[in-house]
Amino acid sequence: MRNLHLFDPVLEWLDGGAQHTAGFNMAEVVTEDPECGTVCCIAGALAIFNGFPRHHWHLSDVEEALGLTDKQSDQLFCLTNSNLSYDEISPFRAAATIRHFIKTEGEVVWTAS
């Protein structure tokens with residue numbers, strides 16, 4: 001893992017309740033080309049808040065920038081190790097999970113509370 005500072009603006013946004021046009025929503029996929037550069041998920045927030053080329057980034061770009069394994073990416077962005085649905089992931093739950101990920105140097109744990 002590397003470049004964990006890329007999470008800083010995302011954590012600030014999540015801690016503030018993710019106030020944005022579309023807000024934070026892990027279940028939302030934005031297929032249009034919004035003028036605001038809508039950010040709904042963790043990977044999208046990482047890309048937009050860290051200057052990835054708008055509308056031309058891919059999940060693999062975020063994975064590479066952070067040095068994530070496929071397993072870490074799947075668990076952090078796709079909840080593959082959780083019984084939670086995307087709709088259950090609040091900004092505060094996402095922030096807690098990211099902080100645990102950073103603290104443990106790569107362990108993704110989505111808690112039920």
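Only the coordinates and a few stated rules stand behind these numbers; no lab work does. Source: prediction; values computed, not measured. Every residue, glycine as well, gets a Cβ built from its backbone with ideal geometry; the counts of neighbours run over all protein chains shown.
Structure notes:
- Label-point separation, ASP61 to GLU107 (7 Å along Cα→Cβ), nm: 3.3 nm
- FRET efficiency, 1/(1 + (r/R0)^6) with R0 25 Å, evaluated for THR80 and ARG2 via beta carbons: 0.70
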